[in-house]
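Structure record follows, encoded as structure tokens.
The values are calculated or read from the model by the stated rules, or taken from the named source; none is laboratory data. A quick note: this is a predicted structure, and the numbers were derived from the prediction, not measured. Here Cβ is always computed from backbone atoms with ideal geometry, including for glycine, and neighbour counts include all displayed protein chains.
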Ligand SMILES: C[S@@+](CC[C@H](N)C(=O)[O-])C[C@H]1O[C@@H](n2cnc3c(N)ncnc32)[C@H](O)[C@@H]1O
């Protein structure tokens, strides 16, 4: 029997060890580059490069009023990471795509730099997470201090701002017309109120209520609301379980939050009681399959599981007996089964060209 071609073999011995170590160090590089992305966003470096063509560290430092030597080292890091372009390590350029993803917070749903907060969790939260592995009890969004609400807001706001009203609402059967005519709407798990403000501005005849048990999130939502000057939004420091127990709402939304809830079945039952017979519930949740194999094509799978430990599953286990669904846990099959179990009869899946999420249009 002939041996398989050497080229198909994984590296053996020391090569294999070196390849594995390189894989591990690649994640360390990701951690350090993440810090640099945060600094680039925070210091306005990407914004100062966007649409400006080629620049030197001297020029960028002058434009941002920062020290040239620091800017040069940062630029070389960015170029080494493939985020800015250079041929000589002296003259640098941010591509149009780079400008959109790293600088265009107000204009693009692809804006990602806001998700880079300098670290995934401050040191005191890392200690509490380690303890959670021992106790089994996770951290609610507010156990993470203002950080929990802040990181969710900066990560999720670009889609909400640029796609909820323009892309998601028109895809729902009859919802747009009802909102124009004057509907009563609840955003459950409303976080920092980005969706509420976007919808309330677009549909002045409708009234909007935001529910969230996080005081940091509701504080952020209050600030956003008062800046907006809108008068058709009210906010409640309350969870899904506090929804009225009679048919009240024409339209309910849960955006990226059912998998975070310690008691998702109770939340879904509460939504079923609170929705009108002809109402619509829009669920946005992570695009995930039911099995490990189903998720293998997700290029961000490791990040998803890590986010689950750091935030989503942790929140979903923050009460005794929590369901602990976590980031990938409220997958399409489970979402449909739980909705039908609660008495919803219609369940339509929308893709909306979102690589990270699916959208479920659910009706009684
Ligand atoms: C990832 S954030 C999403 C926030 C917002 N929907 C968005 O898209 O930006 C998840 C939110 O779910 C909220 N949450 C957790 N448990 C909840 C519950 N039982 N009822 C309502 N909201 C809850 C958290 O406080 C947090 O604000």
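More than 16 Å from the ligand (Cβ to nearest atom), in contact (Cβ under 8 Å) with a residue 60 or more places away in the chain, assigned by TED's automatic domain parsing to the domain that holds residue 257 and surrounded by fewer than 21 Cβ atoms within 10 Å (Cβ to Cβ): does that describe residue 173?
Values: more than 16 Å from the ligand (Cβ to nearest atom): yes; in contact (Cβ under 8 Å) with a residue 60 or more places away in the chain: yes; assigned by TED's automatic domain parsing to the domain that holds residue 257: yes; surrounded by fewer than 21 Cβ atoms within 10 Å (Cβ to Cβ): yes.
Judged against the criteria, residue 173 is a match.
Looking for whichever is more than 16 Å from the ligand (Cβ to nearest atom), assigned by TED's automatic domain parsing to the domain that holds residue 41 and at negative phi here; the options are 99, 113. Which one fits?
Going through 99, 113 in turn, the sole match is 99.
Among the candidates 118, 107, 145, single out the residue that is surrounded by fewer than 18 Cβ atoms within 10 Å (Cβ to Cβ), away from the ligand (no atom under 15 Å from the Cβ) and under 27 Å from residue 32 (Cβ atoms).
Residue meeting the stated conditions: 118.
Test each condition in (1) modelled with pLDDT of 95 or more; (2) not assigned by TED's automatic domain parsing to the domain that holds residue 282 for residue 168 and report the one that comes out false.
The number of the failed condition is (2).
Within the bounds of region 252-268, is there any residue that is more than 12 Å from the ligand (Cβ to nearest atom), in the same structural domain as residue 321 (by TED's automatic domain parsing) and surrounded by fewer than 23 Cβ atoms within 10 Å (Cβ to Cβ)? Talk me through it step by step, then tell me what you get.
As a first pass, look at region 252-268 and keep what is more than 12 Å from the ligand (Cβ to nearest atom): none.
Taking every residue of region 252-268 in turn, none turns out to be more than 12 Å from the ligand (Cβ to nearest atom), in the same structural domain as residue 321 (by TED's automatic domain parsing) and surrounded by fewer than 23 Cβ atoms within 10 Å (Cβ to Cβ).
Being within 12 Å of the ligand (Cβ to nearest atom) and touching a strand residue (DSSP E or B) at 6+ places or on another chain (Cβ under 9 Å) is the filter here; which residues of region 148-169 pass it? Spell out how you get there, then give the answer.
As a first pass, look at region 148-169 and keep what is within 12 Å of the ligand (Cβ to nearest atom): 148-161, 163-164, 168.
Once the filter is applied, which keeps residues that are within 12 Å of the ligand (Cβ to nearest atom) and touching a strand residue (DSSP E or B) at 6+ places or on another chain (Cβ under 9 Å), region 148-169 yields 149, 156, 159, 160, 164, 168.
Identify the single condition in (1) surrounded by fewer than 18 Cβ atoms within 10 Å (Cβ to Cβ); (2) in the same structural domain as residue 167 (by TED's automatic domain parsing); (3) at pLDDT 95 or above that residue 139 does not satisfy, given that it satisfies every other one.
Every listed condition holds for residue 139 apart from (1).
Any residue at all in region 296-315 that's within 16 Å of the ligand (Cβ to nearest atom), outside any helix (DSSP H, G or I) and buried (at least 19 other Cβ atoms within 10 Å of the Cβ)?
The answer is no; no qualifying residue exists.
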